[in-house]
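Asks: Submitted below is the structure of interest, expressed as structure tokens.
Read-outs throughout are calculated quantities, based only on the coordinates presented, and are distinct from any laboratory measurement. Nothing here was measured: the structure is a model prediction, and the numbers come from that model. Here the Cβ positions follow ideal geometry from the backbone for every residue, glycine too, while neighbour counts run over all protein chains shown.
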Amino acid sequence: MLALLGYGMIITFMVLLLTKKMSPFAALILVPVVFGLAAAFISGTPLLEVFDWIFGGLYYSLDENKTLISKGVAPTITLLLFAILYFSVMLDVGLFDPLATKMIKWAKGDPMKICVATGVISLIVSLDGDGTTTVLIVTTAVLTLFKKMRMNQLYLAVIIGFCNSVMNLVPWSGPMARAMPVLNLTPKEFFVPVIPGMIGATILALYMCYYYGKKERARLGYVQGSGIIHDSDLEHIIKEINEKDAYLKHPKLIWFNFILTAAIMTMLIMDVINGGILFVLGTAIALLVNYRQLNLQSSRLIANGGEALGPVSLVYGAGIIMGVLNGSGMSAAIAQQMAGMIPETMGAYIPFFLTLISLPGLFFLPNDAFYFGILPVLAPIAYQYGATPTEIGVASMMGQAIRFASPLVAFLYVLVDRTEVSFGDYSKEYLKWGLPSFVIQTAIAILIGAIPLPFLFN
């Protein structure tokens, strides 16, 4: 029953978003509360305990011995809030103006070049393993250009989301970092067989950028060799970028700001210091160095804080839905049900079955529920039939291709907020590429033997 409630909650949430009957913020809060109360009533749990589940999703949850079970979204919120503030300050001071200017000059009004350049930048920036940071950096660099050329901002959202899904498979990112301790694998053992599939997905990502660029060429009336906008207009855009809020910009400090940003990103990737703390310190240093006047420091915090409020509130909502899923037992019930779908007589094919299960599993479940719930159940069974930890690990990664259409991915709310598109429109468009990516990555993994299918090679 709990599994059905879990499916029902996610489906109800998605329907409300897709039909635009409720805002994401309201749906994220009200839908899990209603289904959480229903779960508590059915299981005989005191109704007020629902709010303990919510607390666990937001902050932390403890077992009977007061031992930490899981952390909520509060650390993510800290990272998100101050990452938005930091990159907003960098935007204010003009750090990304040279990049935007060079892109404009190179593209010369060609939507194709703009889409491809956006894809390449997204792939590179996504190597940091953090979706929020990728969204902030890429949108800061190219959103103005998309708006000026009247290009479809939905394409921008999908390009960023899809490119991030490809690079989300690096060892220091969330999925692999969770699966490695469960399967007792080293990064090398795990990552090497995943690389060919990532290459295939990268090629698909670049084709997607080409496809969107071609569509925008046709829609906007682009003629080869001549931009949609005249050279004088391009110069005007560049001038507008350089002169906008000129009193806030500090071109003489561009190398300091670049080194500061590079240092923060390096330490973030190396996991030297917690990301939230990094951006708290970075924001303070950036404000102090770039704006010596106390009134400017305060005014930039207030101005940029408003931009952070929307995404942060949505992440709070995501924490509520995840807290109810985990606290009520819905996640565990779904995990058990999915694990039971595989007959033991088909043990030799468990890696392949896990690949198929990962498709809905990583859409409907948080990463923690999938990798700490389903994986430990299936792995011992698979080992009995000769499957290796690496094969199980690779199979568990495949569903990440469509995960970035799921309402359970917190940073996606930042993405749709920054690009000014609806979550429902983004999800529908993303799945047009996410599903082929799943097929491509799975096919490559099968062909290289990373996911065994005995009947193909006997």
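Asks: Using 1/(1 + (r/R0)^6) with R0 = 30 angstrom and r between the beta carbons of residue 439 and residue 388, what's the FRET efficiency to the nearest 0.05?
Replies: After rounding to 0.05, the efficiency reads 0.80.
Asks: May I pose another question? How about the range 131-220: which chymotrypsin sites (Phe, Trp or Tyr not before Pro) there are in a DSSP loop, with at most 16 other Cβ atoms within 10 Å of their Cβ?
Replies: 172
Asks: Take the Cβ-Cβ distance between residue 206 and residue 425 as r, set R0 to 30 Å, and report the resulting FRET efficiency rounded to the nearest 0.05.
Replies: Approximately 0.85, to the nearest 0.05.
Asks: Still on this structure: Can you tell me how much longer the chain between residue 102 and residue 258 gets when fully stretched, taken as 0.36 nm per residue apart minus their C-alpha distance, in nm with one decimal?
Replies: The residue 102-residue 258 span can extend by a further 54.5 nm.
Asks: What is the spin-label model distance, in nm, from residue 23 to residue 296 if the labels are put 7 Å beyond Cα along the C-beta direction?
Replies: Between residue 23 and residue 296, the simple spin-label model gives 3.4 nm.
Asks: Any chance you could run the full-extension gain for residue 277 through residue 59? It's 0.36 nm times the residue separation minus the Cα-Cα distance, nm to one decimal.
Replies: So the extension gain works out to 76.8 nm.
Asks: I would also like to ask the following. Which links in 21/215; 20/432; 105/215 stretch past 26 Å when you go from one Cα to the other?
Replies: With Cα atoms farther than 26 Å apart: 21/215.
Asks: Between residue 42 and residue 267, how many nm apart are label points set 7 Å from Cα along the C-beta direction?
Replies: Result for the modelled spin labels: 4.7 nm.
Asks: Let me spell out the model: positive unit charges on the Cβ of Lys and Arg, negative unit charges on the Cβ of Asp and Glu, origin at the Cα centre of the chain. What dipole size does that give, in debye rounded to 20?
Replies: 1060 debye
Asks: Can you give the FRET efficiency to the nearest 0.05 for residue 147 and residue 432, using r as the Cβ-Cβ distance and R₀ = 41 Å?
Replies: 0.95
Asks: While we're on this one: Can you give the local net charge around residue 324? Use residues other than it whose beta-carbon is closer than 13 angstrom to its beta-carbon, Lys and Arg +1, Asp and Glu -1.
Replies: -2
Asks: Please arrange 53, 106 by counting, for each residue, the other beta carbons lying within 10 Å of its beta carbon, fewest first.
Replies: Ranking 53, 106 by Cβ neighbours within 10 Å, fewest first, gives 106, 53.
Asks: Residues with beta-carbon under 11 Å from that of residue 290, excluding residue 290: net charge, scoring Lys, Arg +1 and Asp, Glu -1?
Replies: +3
Asks: Can you tell me how much longer the chain between residue 4 and residue 218 gets when fully stretched, taken as 0.36 nm per residue apart minus their C-alpha distance, in nm with one decimal?
Replies: Between residue 4 and residue 218, full extension yields 72.5 nm more.
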